[in-house]
Amino acid sequence: MKSFMSNYNSQCYALLRIVAGFLFLWHGAQKLFDFPSGMPPGVPAFITYVAGPIELLGGILVMIGLLTPWAAFLSSGLMAFAYWMGHGTKALLPLQNQGELAVLYCFVFLFIAAHGSGIWSVDSVINGNHRKNA
């Protein structure tokens, strides 16, 4: 059966990519610039100086749709690493170890990496696909 939203697949995917990138970049901004709220004391330098730039730049690239598959794949890997190193050692289930957001980001970015930039992206403008995809 055809979904009532199937005519809007491209637009819904673009919104997913844009919103996921936008939300993700703020995690990097928090780590690197203590904005919008500061990092808790005692956060390891690795989190700040490795995860922060990947979150900030990866989020921006995914949001605007530039080099999207690569940025999303790297961001997905970072979230898988974050889950298993930061959350998975506390308990197995994400509900128990507060790792739900890391899992969701991991799989949303994995989906974006596999799907590509889609419409409303810099990649589609560069590749000349923005006219036929709109």
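Odds and ends about this structure:
- For the stretch 41-77, a residue qualifies if it is under 19 Å from residue 117 (Cβ atoms) and not in a helix (DSSP H, G or I), and the qualifying residues are 65, 66, 67.
- Scanning the stretch 1-40 for residues that are assigned to a loop (DSSP other than H, G, I, E, B), among the polar types (S, T, N, Q) and either in contact (Cβ under 8 Å) with a residue 60 or more places away in the chain or within 22 Å of residue 108 (Cβ to Cβ) (or both) yields a count of 1.
- The listed residue being crowded, with 17+ Cβ neighbours inside 10 Å, in contact with a helix residue (DSSP H, G or I) (Cβ under 9 Å, 6 or more places away or on another chain) and at positive phi, out of 65, 28: 65
- Subset of the stretch 30-45 [of a type in the set (A, V, I, L, M, F, W, C), under 19 Å from residue 59 (Cα atoms) and at pLDDT 85 or above]: 32, 33, 35
- Any hit, the stretch 89-102, residues being among the hydroxyl-bearing types (Ser, Thr, Tyr), part of a loop (DSSP other than H, G, I, E, B) and buried (at least 21 other Cβ atoms within 10 Å of the Cβ): no
- Qualifying position, being over 24 Å from residue 36 (Cβ atoms) and in contact with a Leu (Cβ under 7 Å, 6 or more places away or on another chain), among 89, 68: 68
- The condition of being surrounded by fewer than 20 Cβ atoms within 10 Å (Cβ to Cβ), modelled with pLDDT of 95 or more and more than 30 Å from residue 5 (Cβ to Cβ) holds for residue 57.
- Filtering the stretch 39-54 to residues that are more than 14 Å from residue 86 (Cβ to Cβ) and surrounded by fewer than 16 Cβ atoms within 10 Å (Cβ to Cβ) leaves 41, 45, 49, 53.
- So residue 81, is it within 23 Å of residue 114 (Cα to Cα) and either at pLDDT below 95 or not aliphatic (A, V, I, L, M) (or both): yes
The values are calculated or read from the model by the stated rules, or taken from the named source; none is laboratory data. Note that the coordinates shown come from a computational prediction; the quantities given were computed from them, not determined experimentally. In this analysis, Cβ positions are derived from the backbone assuming ideal geometry, glycine residues included, and neighbour counts consider all displayed protein chains.
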